[in-house]
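A short worksheet on the structure shown next.
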Amino acid sequence: MVNNSNNLPILQRGAPVLAQVAHTIEDIHSSEIKKLINSLKVTMANASGVGIAAPQVGVSLRVFLMESAPSERYPNAPLFPLTVLINPSIIKTSNQQELGWEGCLSVKGKRAQVLRHTSIDVNYFDETGKEHHRTLNGFIARIFQHELDHLDGITFIERLSHETDAISEQQWREQTAES
Ligand code: NI
C-alpha cells in the first residue's frame, strides 16, 4: 500500500476546473510541480487508474500520468510503465479511428465506447525536463487522448453523440463478460 499522505480527492465532472483549458507548465523543476507529480502518483495508484490529469485533483496545469497493466478496472490493458507527461501534445494522428471502452475517475460508475485515433505521434517532457517524441498505438494511444482531453476541459462524456450512450459500470461488466 502506498503512503496516503499525498492522496488527493478526485473531482467529479461538473467541477469547473474540469471544464477549463489548463495552463502550460513554465518551470518543470519547481518544488510545486515535484509535489504535484508525487501527489498524482499516489492518487492514481490508490484509485487503480491507468491515467490521471492535474485538473482532476483541482490543479489547472498541463501534466498527466499514464500507467497501464491488466487490472480489475481494465482486464485487457497492455503493459505501459508509469510515465509523467508534461506539456504534452499530439503532432500527428492516424486517419484510422476505433471505438473502445473508456471510464474515468472523474465520471464515477460510467463506461462508454469512445472514438479515438488508433495511432498518434506525440511530444512531451518528462519530470527531468527531457523531451520525448514517440508513437503510441491502441489502448495506450487511447489513454493519451483521454488524458489530453482533460487538459483541454473535456471528459469522455463530451466525446459521445448522446450522454445516454454511457452505460453503468454494472451493465458494462455484464456486456463485456458476454462478448
Ligand atoms: Ni478521465
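Among the residues of the range 142-156, those that are in contact with a Lys or Arg (Cβ under 9 Å, 6 or more places away or on another chain) and within 10 Å of the ligand (Cβ to nearest atom) comprise HIS146, ASP149, THR155, PHE156. Residues that are among the β-branched types (Val, Ile, Thr) and surrounded by 13 or more Cβ atoms within 10 Å (Cβ to Cβ) were ranked within the range 102-135; the one that is nearest to the chain's Cα centre (by Cα) is VAL107. Scanning the range 19-66 for residues that are part of a loop (DSSP other than H, G, I, E, B), more than 14 Å from ILE86 (Cβ to Cβ) and in contact (Cβ under 8 Å) with a residue 60 or more places away in the chain gives GLN20, VAL21, VAL50. Scanning the range 84-114 for residues that are under 30 Å from GLU26 (Cβ atoms) and small (Gly, Ala, Ser), we see that the one that is nearest to the ligand (Cβ to nearest atom) is SER106. Kindly check whether there is at least one residue in the range 66-73 that is among the small types (Gly, Ala, Ser), away from the ligand (no atom under 15 Å from the Cβ), farther than 20 Å from SER168 by Cα and modelled with pLDDT of 95 or more. No, that holds for no residue.
Among residues of the range 115-133 that are touching a residue at least 60 places away in the same chain (Cβ under 8 Å) and among the hydrophobic types (A, V, I, L, M, F, W, C), those with a Cβ under 9 angstrom from a residue that is buried (at least 17 other Cβ atoms within 10 Å of the Cβ) and assigned to a loop (DSSP other than H, G, I, E, B), sequence gap 6+ or separate chain, pair up as PHE125/ILE25; PHE125/ILE28. Looking at the range 72-91, I want the residues that are part of a strand (DSSP E or B) and surrounded by 14 or more Cβ atoms within 10 Å (Cβ to Cβ) and have a partner that is modelled with pLDDT under 85 and not acidic (Asp, Glu) with Cβ atoms under 9 Å, at least 6 apart or on another chain. Which pairs are those? Listed by first residue and then by second, the contacts come to nothing, as the list is empty.
Here SER48 clears all of (1) within 13 Å of the chain's Cα centre (by Cα); (2) within 12 Å of the ligand (Cβ to nearest atom) except the condition numbered (2). Scan the range 101-155 for residues that are more than 18 Å from VAL63 (Cα to Cα) and outside any strand (DSSP E or B) and the total you get is 7. For the range 15-43, filtered to residues that are touching a Gly at 6+ places or on another chain (Cβ under 7 Å) and more than 16 Å from LEU151 (Cα to Cα), the residue that is surrounded by the fewest Cβ atoms within 10 Å (Cβ to Cβ) is HIS29.
The values are calculated or read from the model by the stated rules, or taken from the named source; none is laboratory data. Treat the numbers as computed from the prediction; the structure is a model and nothing was measured. FYI the Cβ positions are ideal-geometry reconstructions off the backbone, even for glycines, and counts take in every protein chain you see.
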